[in-house]
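S.K.: Below is a structure I'd like to ask you about.
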Amino acid sequence: MPASILEGKPLADRIRAELAAEVAQMSAPPRLVALMAGEDAAARAYAKMQAKACRGVGIDYELRELDPALSQDELLAEIAAANEDPAVNGIILQLPLPEGLDEAAAQRALDPAKDVDGVHPVNLGLVAEGEPLLAPCTAQAVVALIEESGAQLRGAEVVVVGRSVIVGKPAALMLLDRGATVTVCRSTTRDLAFHTSRAEVLVVAIGRAKMIRGDQIRPGAVVIDVGMNWMDGGYVGDVAFDEVVQVAGAITPVPGGVGPVTVTMLLRNTVEAAKRQRA
Ligand code: NDP
């Protein structure tokens, strides 16, 4: 029997409805500022998606387009201004930054209380401590989709492929905190299929189209495909969907799986940040 499809939209819609109700009760809408310095088509498309999602729940969204030729000091001044503005509750730094700018330094300059992308070391450290406040949105989406599938994480064999700071590592830590036994694989992993094929829950965040094949999956596994790879005029995941759907118990589609939930977690972080700042 083919796997059930774990669509992101029903979960995203449910959370967004709760957020909209919460925002409606607030004295003023939360305000999210996105700083965009580079001219990148994907970043622009993502900003458009953020703006629409924010409108949907009543969050004020402002895209601040910065001079692509700005210096590191000028970028840091923009971040400081947003940090200090009490009307701004959340700040996102749209990536990639133009060549020559230091991304990590810019992320460290964010006020952790306004870092709704969850990229500041303080927020990542809180995830490591098991006390997340503003956790990275994609990692939150991964956990939420697994929980939505009904999979029991306590005692489960979970394999995460990819160890990026915003996806693989925080997702692995958050799953560990839910009682799973977590293995994290990366490009240096000697026998990837050995690990993936024993996973009851498999999270794939590599960035390589259709890399994980049907014969690398444990029958009945829950498969969360984070990958977004542009191929032949559309997006495909890191998992060979047509094959894996025949073996897995549940699988997220690409697009339409992790993506809509990730944007929703950005909204949730923004509402949470505003609530804490106003408390
Ligand atoms: P990164 O490029 O930062 O990390 C990729 C990871 O994959 C690295 O840890 C790398 O290993 C590992 N890797 C690369 N090749 C292999 C291999 N052959 N075998 C095993 N592991 C391998 O990627 P991100 O985490 O930022 O993104 C991953 C994917 O998720 C991308 O397609 C991205 O577009 C997508 N994405 C989707 C989001 C969404 O909301 N849907 C949000 C964020 C990302 P090593 O560390 O050894 O180099």
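S.K.: Are any residues in the stretch 50-69 surrounded by fewer than 16 Cβ atoms within 10 Å (Cβ to Cβ) and out of contact with any Lys or Arg (no Cβ under 9 Å at 6 or more places or on another chain), and if so, which ones?
M.R.: Lys52, Arg55, Arg64, Glu65, Asp67, Pro68, Ala69
S.K.: Can you confirm whether Val203 is buried (at least 23 other Cβ atoms within 10 Å of the Cβ), in a strand (DSSP E or B) and away from the ligand (no atom under 11 Å from the Cβ)?
M.R.: Answer is no for this residue.
S.K.: If I ask for residues that are more than 11 Å from the ligand (Cβ to nearest atom) and assigned to a loop (DSSP other than H, G, I, E, B), which ones from the stretch 224-241 would you list?
M.R.: Asp232, Gly233, Ala240
S.K.: For the stretch 1-31, give me each residue that is under 20 Å from Val254 (Cα atoms) and of a type in the set (S, T, N, Q).
M.R.: Answer for the stretch 1-31, where residues must be under 20 Å from Val254 (Cα atoms) and of a type in the set (S, T, N, Q): just Ser4.
S.K.: Then there is this: Could you please give the count of residues in the stretch 242-253 that are within 14 Å of the ligand (Cβ to nearest atom) and surrounded by fewer than 24 Cβ atoms within 10 Å (Cβ to Cβ)?
M.R.: Total meeting the criteria: 1.
S.K.: Pick from Gly220, Gly256: which is in a loop (DSSP other than H, G, I, E, B), within 13 Å of the ligand (Cβ to nearest atom) and on the phi > 0 side of the Ramachandran plot?
M.R.: The match here is Gly256.
S.K.: Right, here's the next one. For the stretch 183-200, name all the residues that are surrounded by 21 or more Cβ atoms within 10 Å (Cβ to Cβ) and not in a loop (DSSP other than H, G, I, E, B).
M.R.: Cys185, Thr196
S.K.: Say we look at the stretch 94-122 and pick out the residues that are buried (at least 23 other Cβ atoms within 10 Å of the Cβ) and in contact with a strand residue (DSSP E or B) (Cβ under 8 Å, 6 or more places away or on another chain); which of these is farthest from Ala180 (Cα to Cα)?
M.R.: Looking at residues that are buried (at least 23 other Cβ atoms within 10 Å of the Cβ) and in contact with a strand residue (DSSP E or B) (Cβ under 8 Å, 6 or more places away or on another chain), I get Leu110.
S.K.: Another question, if that's okay. Among the residues of the stretch 185-200, which ones are touching a strand residue (DSSP E or B) at 6+ places or on another chain (Cβ under 8 Å) and either more than 9 Å from the ligand (Cβ to nearest atom) or within 19 Å of Glu147 (Cα to Cα) (or both)?
M.R.: His195, Thr196, Arg198, Ala199, Glu200
S.K.: Can you tell me which residue within the stretch 99-135, out of those that are out of contact with any helix residue (DSSP H, G or I) (no Cβ under 9 Å at 6 or more places or on another chain) and assigned to a loop (DSSP other than H, G, I, E, B), is farthest from Ala47 (Cα to Cα)?
M.R.: Residue satisfying both the conditions and the ranking: Glu131.
S.K.: Which of the numbered conditions does Val142 fail, given that it passes all the others? Conditions: (1) over 13 Å from Val258 (Cα atoms); (2) crowded, with 18+ Cβ neighbours inside 10 Å; (3) in contact with a strand residue (DSSP E or B) (Cβ under 9 Å, 6 or more places away or on another chain).
M.R.: Condition (1) is where Val142 drops out.
S.K.: State the number of residues belonging to the stretch 99-145 that are within 15 Å of the ligand (Cβ to nearest atom), under 30 Å from Ser71 (Cα atoms) and among the small types (Gly, Ala, Ser).
M.R.: Residues flagged as within 15 Å of the ligand (Cβ to nearest atom), under 30 Å from Ser71 (Cα atoms) and among the small types (Gly, Ala, Ser) within the stretch 99-145 amount to 3.
S.K.: Let me ask something else about it. Being closer than 26 Å to Glu147 by Cα, among the charged types (D, E, K, R) and surrounded by 14 or more Cβ atoms within 10 Å (Cβ to Cβ) is the requirement here; does Arg31 meet it?
M.R.: Against the criterion (closer than 26 Å to Glu147 by Cα, among the charged types (D, E, K, R) and surrounded by 14 or more Cβ atoms within 10 Å (Cβ to Cβ)), Arg31 does not qualify.
S.K.: Can you name the residue in the stretch 146-171 that is within 13 Å of the ligand (Cβ to nearest atom) and surrounded by 24 or more Cβ atoms within 10 Å (Cβ to Cβ) and is also farthest from the chain's Cα centre (by Cα) among such residues?
M.R.: Of everything passing the filter in the stretch 146-171, Val159 is farthest from the chain's Cα centre (by Cα).
S.K.: Considering only the stretch 212-233, state which residues are closer than 10 Å to Gly249 by Cβ and of a type outside the set (Lys, Arg).
M.R.: The answer is Ile217, Pro219, Gly220, Ala221, Val222, Val223.
S.K.: Do you know which residues across the stretch 214-241 are among the small types (Gly, Ala, Ser) and surrounded by fewer than 19 Cβ atoms within 10 Å (Cβ to Cβ)?
M.R.: Of everything in the stretch 214-241, those that are among the small types (Gly, Ala, Ser) and surrounded by fewer than 19 Cβ atoms within 10 Å (Cβ to Cβ) turn out to be Gly214, Gly220, Gly233, Gly234.
S.K.: Next question. When the residues of the stretch 62-98 are filtered to those that are of a type in the set (S, T, N, Q), under 27 Å from Ala28 (Cα atoms) and not in a helix (DSSP H, G or I), which remaining residue is modelled with the highest pLDDT?
M.R.: Filtering first and then ranking leaves Asn89.
The values are calculated or read from the model by the stated rules, or taken from the named source; none is laboratory data. Just so we're clear, the structure is a prediction, and the values are computed from it rather than from any experiment. So basically every Cβ, Gly included, is an ideal-geometry build from the backbone, and we count neighbours across all protein chains shown.
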